[in-house]
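Please read the structure below before turning to the comments.
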Amino acid sequence: MSKGNPQYGNGAEQELHELFLRGLEGDATAYRTFLQKLSAHLRAYLARRLFGWPDEVEDLVQECLLAMHNQRHTYQSDQPLTAWVHAIARYKMIDLLRSKAGREALHEPLDDELAVFAESATEASDARRDLAGLLDTLPDRHRLPIVHVKLEGLSVAETAKLTGMSESAVKVGIHRGLKALALKIKEAI
């Protein structure tokens, strides 16, 4: 592949592409260099889109890198790498924005006199009890990250400090715990 190949655009695209392919072939040094350069690229890409949320940018960079590593087998080497990278980053950014919107909605006052709340109070209580029961079946390394990040709304960094786990262990715990919960729910149905 020549640097002038229009399919790969600029030199940064070409360099990332070549490093990634070498990494996929087992070149650990190339893969490490790829991850470092891609981190800087993602940081700039996400910072432009999440202006005013610098803490979320770093968390999102790490989530993107983990997702890209886990999904590296889906990359088609004849396609521009940054298009694949940006697609994954956009999905992660949408997830972040959805979770932020959901957390903000939790703080809006609601009218307790609506009939729908009276009907759903029992269902909500049952759901909390069922969820607590399912969570209790998970090991702490999966249960605690889910409780703190997904239910209490703490950040990955806050959860890591609280539990003594690394941030990546918190993310892995959430992923594996949710996967185990989904399987348990599927088995129960």
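Data table
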quantity	calculated
Any chance Leu35 is assigned to a helix (DSSP H, G or I), assigned by TED's automatic domain parsing to the domain that holds Lys92 and either at pLDDT below 90 or surrounded by fewer than 13 Cβ atoms within 10 Å (Cβ to Cβ) (or both)	no
Residue count for the stretch 130-162, restricted to those that are part of a helix (DSSP H, G or I) and under 19 Å from the mean Cα position of the chain (by Cα)	17
Scope the stretch 44-57; condition surrounded by 15 or more Cβ atoms within 10 Å (Cβ to Cβ), assigned to a helix (DSSP H, G or I) and of a type outside the set (Asp, Glu); matching residues	Tyr45, Leu46, Ala47, Val57
Residue that is farthest from the chain's Cα centre (by Cα), among those in the stretch 163-173 that are surrounded by 15 or more Cβ atoms within 10 Å (Cβ to Cβ) and over 19 Å from Val57 (Cα atoms)	Thr163
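Residues are listed down the side, and each one gets a yes or a no for (1) among the charged types (D, E, K, R); (2) in contact with a helix residue (DSSP H, G or I) (Cβ under 7 Å, 6 or more places away or on another chain); (3) at negative phi:
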position	(1), (2), (3)
Thr29	no, no, yes
Lys37	yes, yes, yes
Phe51	no, no, yes
Cys64	no, yes, yes
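The values are calculated or read from the model by the stated rules, or taken from the named source; none is laboratory data. Just so it is clear, the structure is predicted and the values come from calculations on it, not from any experiment. Ideal geometry is used to build each Cβ from the backbone, glycine not excepted, and the neighbour counts take in all protein chains shown.
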